[in-house]
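The values are calculated or read from the model by the stated rules, or taken from the named source; none is laboratory data. Because the structure is predicted, anything quoted here is derived from the model rather than measured. Note that each Cβ is placed from the backbone with ideal geometry, even for glycine, and that neighbours are counted across all protein chains shown. Keep in mind that these areas ignore ligands, DNA and RNA; they rest on the heavy atoms of the full protein, side chains included. Shrake-Rupley method; radii C 1.70, N 1.55, O 1.52, S 1.80 Å.
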Amino acid sequence: MIEHFASEQDTGGRLTPSGTARFSGIDANILMGDDHAPFSVMEMVVELGMGAPAHISRREDKIFHITKGAFLFLIGEKRIEANEGDHLFVGQGQVHSFSAQGDGPARMTLVSTPANHDRFFQALSAIDTPHDPQDVEAVCVNYDQQIVGPIVQG
């Protein structure tokens, strides 16, 4: 029997969603995170043309694994087209953005270390829509994120 990672006492096993977040056309299943996890892991479905605005994550390194469809990424000043099976790395402090491209939603898995990005996603998801820019800024400050531009587009 394979155990599911459900709490800080678990030492390994199958990851199952422990929470969700939705904002900016992103539906995220949180597979790992919280104060006791070594990193955040989220499976994300991103609506066509939607994604993350250009931002800086000051304390987190990230790996993105594209599992379905296509994305356009901005990493630093580079624009990178990423397709199913591609892996991308974003180091802490780098400007980055992404948007789903092609003819429908795209899917990817995000691994972020140290664990914190899952809580950032949940805090953004909790903001009433339409988003008040001051509320978004307060969440960003609380999680050491800085939005510096719009969503990258093709």
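Using θ = phi - 60° and the Karplus relation 6.51 cos²θ - 1.76 cosθ + 1.60, list the HN-Hα couplings for the range 16-27 in order, rounded to whole Hz, with x at every Gly or Pro.
10, x, 10, x, 9, 8, 9, 6, 6, x, 10, 10
Could you calculate the FRET efficiency of residue 153 with residue 87 from 1/(1 + (r/R0)^6), where r is the beta carbon distance between them and R0 is 35 Å, rounded to 0.05?
Values: r = 22 Å, r/R0 = 0.64.
Efficiency, rounded to the nearest 0.05: 0.95.
List the residues, sorted by chain then number, that are 5 or more residues from residue 131 or on another chain and whose placed amide H is less than 5 Å from its amide H.
Distant-sequence amide H within range of residue 131: zero hits.
Label 7 Å along Cα→Cβ of residue 142; the range 35-67 residues with amide nitrogen under 18 Å?
35-36, 57-59
What is the percent carbon and sulfur in the accessible area of the chain, measuring with a 1.4 Å probe over the protein chains and ignoring ligands?
Details: 4250 of 8230 Å².
About 52 percent, which is the carbon plus sulfur part of the accessible surface.
If contacts are Cα pairs under 8 angstrom and at least 6 residues apart, what is the relative contact order of the range 37-93 in percent?
Over the range 37-93, the number comes to 37 percent.
Under a no-solvent Debye model with one identical scatterer per Cα of the range 47-145, what's log10 I(q)/I(0) at q = 0.11, 0.12, 0.14, 0.17 Å⁻¹?
Each listed q maps to, in turn, -0.33, -0.39, -0.54, -0.80.
Sort 122-132, 35-45 by packing, meaning the average of other beta carbons within 10 Å per residue, with the highest value first.
Values: 122-132: 13.3, 35-45: 17.8.
Listed from highest to lowest mean packing, they are 35-45, 122-132.
Below 8 Å, C-alpha to C-alpha, sequence gap of six or more: please give me the relative contact order for the chain in percent.
Answer for the chain is 27 percent.
Would you work out the charge dipole size for the range 8-142 about its Cα centre, treating the Cβ of every Lys and Arg as +1 and the Cβ of every Asp and Glu as -1, and quote it to the nearest 20 debye?
That gives the range 8-142 a dipole magnitude of about 280 debye.
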